[in-house]
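Just so it is clear, none of the values below were taken in a lab; they were calculated from the coordinates. Just so you know, these numbers come straight off a predicted model, no measurement behind them. Note that we place each Cβ from the backbone using ideal geometry, even for glycine, and neighbour counts take in every protein chain shown.
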Amino acid sequence: MTTLQSLSPLQRRALLAALASPSHSFTRQRAGYVAAGAYPKANRSQALQVETFTKRLMLMLEREYLVESDQPGFPTRFALTSKGLQLAQAIAEAAKGPRAGAA
């Protein structure tokens, strides 16, 4: 069973990136998998920094049933499962930490 404590920091960053995406998913780009909607389609003259995640990491998350792929052979999209969404929300809540003045 996957718990918040058993996730690596990279897995946590990937889940938070998917949570921030409108469709809660990753799409395949030339550099790896990025949160859907984070990679603009228009060409720009300035460098754009987007966090990419490897297929290896996506398959690790898929083995834990946190994401599911659109096709088994060469996935172009990974979407959060309900378990992955709940865990990502728990990570986001834990990142907020205790609020100042809360008793």
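Annotations for the structure displayed:
- P(r), alpha carbons of the range 9-96 - 5 Å bins starting at zero, rounded %: 3, 15, 27, 25, 16, 8, 4, 1
- Ordering 2, 27 by the number of other Cβ atoms within 10 Å of each residue's own Cβ, fewest first, gives 2, 27.
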